[in-house]
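Everything on this sheet refers to the single structure shown next.
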Amino acid sequence: MIHPMVTLNGNFGVVLEQVLPDDLDDPAFRAQAYDLWFAHGGLLAVRGERLADLSPEKLMEWAENFGAVEQKTQAGREDKTVPGFPILRIGNICHPDGTPAAQFSNVPQLSSDDDIRYNPRTRRPVWHTDSTFRKNPPIGSVFHCRSAPPDGAETLFADMQKAYNALPENERRKLDGLEAICSLAHHDKKINSYSPEYPVLTPEQRAANPPRRVPLALRHPVSDKPALYGLNSSTCAIVPEGQEIKTEDLNLWDLEGVEDDSVMIWRAMLPFVTGPEFTVKWEWQPGDIVVWDNRSTIHSGTGFDADQHTREMWRITLLDAT
Ligand SMILES: O=C(O)CCC(=O)C(=O)O
Ligand SMILES: [Fe+2]
């Protein structure tokens, strides 16, 4: 079957429509989807009513088309997965005893499309690259909608290859020599400073999770195209490539949750790189499966009326197969 195909923002983002569960097993469809994903900046969606009750096995198999599925669930989140699968649930659903069955993040709902652009005053939307504090950061994610509220809860995506190329030459040259320092301890301490019940790392955990350095302009391992990369709540400083970090500075970032002023190099670019020419607002319908490339896009969740409506998303993390 030939599926209707819709592009989202120029060459960024592509949707295949009227997709049936069996298409997801078809080798020709899988190859086409991979190529389209790659050719459209690393953002692909498939849509089809009958995907709304897809089995977790089928979703896992579909994810394997794009990368190696991460098999272990993050410690402490076992009660927020699809039972028996490394699929994280995100949203506001609860277990029968009333405890949360999904990871929920309370962020504001968009009031107009102007809110898509990063606002330096509110620091929202929380645009980010996922998990660059990890030794091998995810190459992408597969995100599937089980149930969506009538408004809100859109996921926003921005094309960081196009954004990099849109910067003036002298600015690109500067970024090419820079690295982001990404630390889990900093991330947890930052959250703990506004939600005191959120635990910080023990000294042993901190020693086991040293900060990682990632390039600010990451060359995609497949295409070699550069993209802006490495901003999230774990990003505590930006330094010239290879520059040593002083222990006292790292202690300030990790133990006090202080973000170094150098992170402004990235934050100052955000209002521009999240402008309309680079972004897609994905409005979820049950069944949708979006695959994003974490090396060439950034994304942000948005809020909804969680007292009135239900959101349930299933998320699989993709790792480098090599
Ligand atoms: O909930 C969303 O729309 C986005 C969640 C997100 O940032 C993630 O799963 O990495
Ligand atoms: Fe994310």
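Any read-out appearing in this document is the output of simple, stated calculations on the displayed coordinates, not a laboratory observation. The shown structure was predicted, so the numbers you read here are calculated from the model rather than taken from an experiment. Cβ sites come from the backbone with ideal geometry, for glycine too, and all protein chains shown count toward neighbours.
For Asp320 and Asp113, calculate 0.36 nm times their separation in residues minus their Cα-Cα distance, and state this gained length in nm to one decimal.
Full extension of this stretch gives 71.1 nm more.
Can you give me the angle between helix 184-194 and the longest principal axis of the chain, using Cα atoms only, in degrees from 0 to 90, rounded to the nearest 10?
Between the helix axis and the principal axis of the chain, the angle is about 90 degrees.
Evaluate the charge dipole of segment 168-268 about its Cα centre and quote only its size in Debye, nearest 20, assuming +1 on the Cβ of each Lys and Arg and -1 on the Cβ of each Asp and Glu.
Around 360 debye, computed over segment 168-268.
Tell me the relative contact order for the chain as a rounded percent, counting alpha carbon contacts under 8 Å between residues six or more apart.
Relative CO of the chain lands at 32 percent.
Towards the positive end of the charge dipole of segment 168-268, with charges on Cβ (+1 Lys, Arg; -1 Asp, Glu), say which of Pro215, Val200, Ser234 has the farthest Cα.
Pro215
Give me the compactness ratio for segment 189-322, meaning the Cα radius of gyration over 2.2 N^0.38 Å.
The reported ratio for this selection is 1.26.
Would you give the gap between the C-alpha center of segment 271-310 and the C-alpha center of segment 1-33, rounded to a whole Å?
If you average the Cα positions of each part, the centres end up 19 Å apart.
Report the local net charge at Ile245: Lys and Arg +1, Asp and Glu -1, summed over other residues whose C-beta lies under 13 Å from its C-beta.
Charge balance in the 13 Å sphere: -4.
Please determine, in degrees from 0 to 90 and to the nearest 10, the orientation of helix 27-39 with respect to the longest principal axis defined by the Cα atoms of the chain, where the helix direction is its Cα long axis.
Rounded to the nearest ten degrees, it is 40.
Taking 8 Å as the Cα distance limit and 6 or more residues as the minimum spacing, I'd like the relative contact order of segment 168-268 as a percentage.
Reported relative contact order: 36 percent.
Please name which of Gly287, Leu167, Leu250 has its Cα lying farthest along the dipole of the chain towards the positive end, using unit charges on Cβ (Lys, Arg +1; Asp, Glu -1) and the Cα centre as origin.
The Cα lying farthest towards the positive end belongs to Leu250.
Would you mind ranking Cys94, Cys236 by Cβ crowding within 10 Å, fewest neighbours first?
Sorted ascending by nearby Cβ count, the order is Cys94, Cys236.
Can you give the extra length, in nm with one decimal, that the chain gains between His309 and Asp35 once fully stretched, where that is 0.36 nm per residue apart less the Cα-Cα distance?
95.0 nm
Pull up the DSSP beta bridges for the chain and report the antiparallel fraction as a percent, rounded to 5.
95
Between Glu283 and Asp151, what is the spin-label point distance in nm, taking each point 7 Å from the Cα along the Cα→C-beta axis?
1.1
Based on DSSP loop calls and a cut-off of at most 10 other Cβ atoms within 10 Å, the longest stretch of the chain free of exposed GluC sites (Glu not before Pro) is what?
Between exposed loop sites, the widest span is 1-196.
May I ask you to derive the FRET efficiency for Arg77 and Asp176 from their Cβ-Cβ distance with R0 = 45 Å, giving the value to the nearest 0.05?
In this case the efficiency is close to 0.80.
Can you tell which of Thr302, Thr155, Thr122 shows the greatest fluctuation in a Gaussian network model of the chain with Cα springs below 10 Å?
It is Thr122.
So for Asp188, Asp320, fewest C-beta neighbours within 10 Å to most, what's the order?
Ranking Asp188, Asp320 by Cβ neighbours within 10 Å, fewest first, gives Asp320, Asp188.
Direction-averaged shadow area of the convex hull around the Cα atoms of segment 168-268, nm²?
The directionally averaged projection comes out at 7.4 nm².
Let me spell out the model: positive unit charges on the Cβ of Lys and Arg, negative unit charges on the Cβ of Asp and Glu, origin at the Cα centre of the chain. What dipole size does that give, in debye rounded to 20?
I would put it at about 560 debye.
Roughly what angle does helix 247-256 make with the longest principal axis of the chain, taking Cα atoms, 0 to 90 degrees, to the nearest 10?
With both axes taken from Cα atoms, the answer is about 50 degrees.
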